[in-house]
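Structure first, then comments.
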Amino acid sequence: MTLYDIPFTTMDGAEMTLAEHERDVVLVVNVASRCGLAPQYATLEELQKRYQDRGFTVLGFPSNQFLQEYGSNEKIAEFCSMTYGVTFPVLDRVRLNGRHTHPLYAELKKTADDTGHSGKIRWNFEKFLVLPGGDVRRYAPKTLPDDPAIVREIEAHLPR
C-alpha cells in the first residue's frame, strides 16, 4: 500500500484517498480551531486560492490530541468557514500519535523535517507537503504555510 492508497474520511462520512491528487501538490496539515496557531488557517486559504488552479490543494485534518479542537465536525466546519473563509477540504478528525494513529499520519510521520525530527507530531499545524509521485517534505508547526521554503517547493512542482 502506498501513501496514495490509504483511506481517510471526509466530514460528511465519505471515504477518499490521496489517489485523486497523485499528480498534484498537496499540503496536509493537522489543524485545531482553538489553537494559538489557528490564524495559519488564513494563510493556508491564501495558498489554496493562489495555486488551486495549477494542481495544488490543502487538506486539513482536525485533531483533538492536544485538546484544542471542537467536538463535532459541524462546529469545526462552522469555525473554519465563518472565521477564516476556508474553502479547502477540512476532513474528519484523526488521531496523530499513539496506538490509534491514523494510517495516513503513521506513514507521513516517517519523514524528517529540516532539523531531523521524524516520528511523533509535536503540535497542531505540523505540515506535510506531498509532491507528485509521493515524495514528502515535513515542516514544523510554527513554520508558516507561506514560508519561502514551502512556497519554493510548491512552485517547483506545479505546472507552469
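Bear in mind these aren't lab numbers, they're just calculated from the coordinates by the rules spelled out. The model shown is predicted, which means the values in this text are computed figures rather than measured ones. Note that each Cβ is placed from the backbone with ideal geometry, even for glycine, and that neighbours are counted across all protein chains shown.
With viscosity set to 1.567 mPa s and temperature to 4 °C, compute the Stokes-Einstein D of the chain, Rh being the Kirkwood radius across alpha carbon pairs; µm²/s, no decimals. All intermediate terms of the calculation are to be shown ahead of the outcome.
Details: Rh = 15.6 Å.
My calculation gives 83 µm²/s for D.
Could you derive backbone 3J(HN,Hα) for the stretch 58-71 from the dihedral phi with the Karplus parameters 6.51, -1.76 and 1.60 (θ = phi - 60°), listing whole Hz in sequence and x where the residue is Gly or Pro?
So the J values, rounded to whole Hz, are 9, 10, x, 10, x, 8, 10, 5, 10, 6, 9, 10, 5, x.
Using +1 at the Cβ of each Lys and Arg and -1 at the Cβ of each Asp and Glu in the stretch 3-148, identify which of M82, F8, V136 lies farthest towards the dipole's positive end.
V136
Just how far, in whole angstrom, is the stretch 97-160 from the stretch 39-83 if you go by their alpha carbon centroids?
16 Å
Go through the stretch 98-110 residue by residue and turn each phi into a ³J(HN,Hα) via Karplus (6.51, -1.76, 1.60, θ = phi - 60°); whole Hz please, and just put x for glycine and proline.
x, 4, 9, 4, 4, x, 4, 6, 4, 6, 4, 5, 5
Between M82 and R122, what is 0.36 nm times their sequence separation minus the Cα-Cα distance? Round to one decimal in nm.
Residue separation times 0.36 nm, minus the Cα-Cα distance, leaves 11.7 nm.
What distance in nm separates the simple spin-label points at Q52 and K75, each placed 7 Å from Cα in the Cβ direction?
Distance between the two pseudo-spin positions: 2.7 nm.
Within the stretch 3-148, what percent of beta bridges assigned by DSSP are antiparallel, to the nearest 5? Intermediate values should be presented prior to the final figure.
On the way: 11 of 20 bridges.
Rounded to the nearest five, the antiparallel share is 55 percent.
What ³J(HN,Hα) values, in whole Hz, does the Karplus curve 6.51 cos²θ - 1.76 cosθ + 1.60 give for the stretch 32-48 when θ = phi - 60°, with x put for Gly and Pro?
With the stated coefficients, the stretch 32-48 comes to 8, 5, 9, 8, x, 8, 4, x, 4, 3, 4, 6, 4, 5, 4, 4, 4 Hz.
Springs between alpha-carbon atoms under 10 Å, Gaussian network over the chain: tell me which of D135, D147, D113 tops the mean-square fluctuations.
D147
At 7 Å along Cα-to-Cβ for each site, give me the label-to-label distance between E22 and Y4 in nm.
0.3 nm
Convert 37 °C to kelvin, take the viscosity as 0.692 mPa s, use the Kirkwood radius over C-alpha pairs of the stretch 91-160 as Rh, and evaluate the Stokes-Einstein diffusion coefficient in µm²/s, rounded to a whole number. Intermediate values should be presented prior to the final figure.
Values: Rh = 13.0 Å.
Diffusion coefficient, whole number: 253 µm²/s.
Taking only Cα atoms and a 10 Å spring cutoff, compute GNM fluctuations for the chain and point out the largest among G71, G119, G55.
Result: G71 has the largest fluctuation of those listed.
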